[in-house]
Amino acid sequence: MSASICPPARPAPRRGRAGFALTLAGLLLMMAGASAPSPFYPVLQQEIGFSSAAMTGIFAIYAGALLATLLVAGSVSDHLGRRPVLSVGFFLLAASMVGFLRADTVGALLITRVIQGMASGLLLSTLTATSTDLEPADRPGAAAVGNSVTPLLGLALGALFAGAVIEDLPAPRGPTFEILAAAYAALAALVWLPPETAPRHEGLIASLRPRIGVPQGARAAFRRGAPAIVASWATGGLYLSLGAPIVARVFGQTDAVAQGAVVTLLSGAGALAAFALRRQTPRRITLTGTAALSLGTLLTLAAIASGSFAFYALSVLVAGLGFGASFYGVMRSIAPTVGAGERGELFAALFTLSYTAFGLPALAAGIAMPQLGLTLTTYLYGAVIIVLAGGAGLARRFTTTD
């Protein structure tokens, strides 16, 4: 039998369970590192001195580097093996945290964000594929729940931790990024302990051609879920890019904890929704999610018009429920459709779509804001999300397949 079609050996139960937990822990910490820099940008803007346009570029270049890496190397772990790709990814992530710690110019920040984006591009698809490979046999569906809850929980914890450190410590960059760098360096070594679930085989060079490929068996489910993915991650882009400025300028909340609370509420509610809906069908989960996205965004716009911060926090909570439910519903639909040898490719395509929906509207908002102002830009961005979420919900309602 050709090496390219040999199924991977089933890991021993104990090692498989430990590897499953380690992979989800790595995903949690990776996403915590993705959100931790956000509360620091206003601080860095004061320390280094750069414009709002430069801040938009620092935000956008991360998504650009991540997408480029997904396009080129998103499926490389299907050919090279999961463990070497994870190790390299966590090593690069540790290097990016050192970059944040030492950055004292805009150029240094941009380079740091590129390295972080490359690392995240390698890790997102590979961690998701590895956890699916190592899912305990007696807990079917655990990987889909974990891969939906964990990233959102990581985003919430990273923003919350960074905001608290900024408020409580005189030199907050040190503790935040030193701790994360040490954790990533440890993970770069620890990922060699679980069993390899994707043995090396031919096709590595061909897999490096920039492309988005969805395996044949997953294409129908992927098409059904794509509108919900676009709506949910565009929502994430709204709150992660404009959330802190809205809190500061519209509601007058200038402390870092309040600004970080937007990401924490959004992501924490998303994680809660994914866990709470784990026993529902993928179709029902997605319908619930798209409805909550529309409602939460509409409430957000009403809260901005009213000037009530408490109302705004409630609206972010509702939108977060929709974010998590929509993403989890699609993950539940597509994860079982492919075998281990195609999972890296499938999840690379999923996250390419996710981060395109996350990054492009946020970049457009950053460009529009100097001309239109924060409030009008937010209204327009929110209106687009309401339309996207409503359309995704209608499309899924008239599709009876789960």
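Nothing in this text is a laboratory measurement; each read-out follows from the coordinates by a stated rule. Everything numeric here is computed off the predicted structure, so don't read it as measured data. FYI the Cβ positions are ideal-geometry reconstructions off the backbone, even for glycines, and counts take in every protein chain you see.
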- With a 10 Å radius around each residue's Cβ, average the other Cβ atoms per peptide and rank 94-104, 333-343, highest first. 333-343, 94-104
- Could you rank the peptides 84-91, 128-135 by their average count of other C-beta atoms within 10 Å per residue, with the highest value first? 128-135, 84-91
- Item | Extreme residue, positive dipole direction of the chain, given options Gly359, Leu22, Ser120 (C-beta unit charges) | Leu22
- Just how large is the dipole of segment 74-206 about the Cα centre, in debye to the nearest 20, putting +1 at every Lys and Arg Cβ and -1 at every Asp and Glu Cβ? 200
- Query: Based on Cβ point charges of +1 for Lys and Arg and -1 for Asp and Glu, what charge dipole magnitude is obtained for the chain about its Cα centre, in debye rounded to the nearest 20?
  - Reply: 1080
- Item | Mean-position separation - Cα centroids, segment 277-302 and segment 140-172, in angstrom | 22
- Assigning unit charges at the beta carbon (Lys, Arg +1; Asp, Glu -1) and nothing else, what dipole magnitude in debye, to the nearest 20, does segment 44-141 show about its Cα centre? 120
- Task: Pop the C-beta distance of Ala313 and Leu193 into the FRET formula with R0 = 35 Å and round what comes out to the nearest 0.05.
- Result: 0.25
- Computed FRET value (nearest 0.05) for Asp255 with Gln216, which takes r as the C-beta separation and R₀ as 35 Å: 0.10
- Please work out the FRET efficiency for the pair Leu380 and Ala108, using the Cβ-Cβ distance as r and a Förster radius of 56 Å; give the result to the nearest 0.05. 0.95
- Which of (i) 65, 51, 36; (ii) 99, 42, 37; (iii) 65, 47, 39 gives Cα extents along the principal axes in Å as computed here? It is (i)
- Item | Among Pro361, Pro175, Pro227: highest mean-square fluctuation, GNM of the chain, C-alpha pairs under 10 Å | Pro175
- Would you order Arg279, Arg173 from fewest to most other beta-carbon atoms within 10 Å of each residue's own beta-carbon? Arg279, Arg173
